[in-house]
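Here is the structure we will look at.
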Amino acid sequence: MSLDVSPELLADAERGEIREESFVETVRTSLPYAYTLIAGLVGELRDGTAEFADNHTPPPSERERGQLLRALSSDAIRGSLERHFGVTLAFMNCHRVAVFRPEAVGGETHTRFTSLRSQILNQSPEFRDC
């Protein structure tokens, strides 16, 4: 299971009334490694002038890697995090997450980061089973 959903949030969902803030809070508490990593990258992006900020450090364990994979493989979670932080996320390999300013999407740097070529050039044997 990806998220630890409170009885209140489940009741809201059953009624059809989900507040995105409640969903993001559930993501934050259920997937703390993923949320904290993304929040930190957002801080780096906002504090700097670069077009994006990205992570190169592997997660400390498979548990944290699983959190990251669950957060980024779910359209709902990923989209909610993007809206919450006001960024666009890009993901490569098992842990290389990047945050881009929304206006950078489709630009040269974003296109290069998300390209087939970049994916191939960022492969190595240690990523085979991650």
- Message: Where the second residue is part of a helix (DSSP H, G or I) and the first is among the basic types (Lys, Arg) and lies in the range 60-73, which pairs have Cβ atoms under 9 Å and are six or more apart or on separate chains?
- Response: ARG63/TYR33; ARG65/TYR33; ARG70/SER30; ARG70/ALA34; ARG70/ILE77
- Check on GLU14, more than 29 Å from ILE120 (Cβ to Cβ), in a helix (DSSP H, G or I), without any contact (Cβ under 8 Å) to a residue 40 or more places away in the chain and of a type in the set (Asp, Glu): yes
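Suppose we filter THR29, THR49 for residues that are in contact (Cβ under 8 Å) with a residue 24 or more places away in the chain and loosely packed, with under 13 Cβ neighbours inside 10 Å; which single one remains? Step through it out loud before you land on a result.
Details: THR49 fails: in contact (Cβ under 8 Å) with a residue 24 or more places away in the chain.
That would be THR29, the only listed residue that is in contact (Cβ under 8 Å) with a residue 24 or more places away in the chain and loosely packed, with under 13 Cβ neighbours inside 10 Å.
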- Task: Six or more apart or on different chains, Cβ under 8 Å: which pairs go from a residue in the range 83-101 that's under 14 Å from VAL24 (Cβ atoms) to one that's open to solvent by 10 Å² or more (accessible area, probe 1.4 Å) and in a loop (DSSP other than H, G, I, E, B)? Could you list them?
- Result: VAL87/ARG101
- The correct count of residues that are assigned to a helix (DSSP H, G or I) and open to solvent by less than 70 Å² (accessible area, probe 1.4 Å) in the range 1-11 is 2
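The values are calculated or read from the model by the stated rules, or taken from the named source; none is laboratory data. This is a predicted model, so every value here is computed, not measured. In this analysis, Cβ positions are derived from the backbone assuming ideal geometry, glycine residues included, and neighbour counts consider all displayed protein chains. For the accessible areas, the whole protein counts, side chains as well, though only heavy atoms, and no ligand, DNA or RNA atoms are used. Shrake-Rupley method; radii C 1.70, N 1.55, O 1.52, S 1.80 Å.
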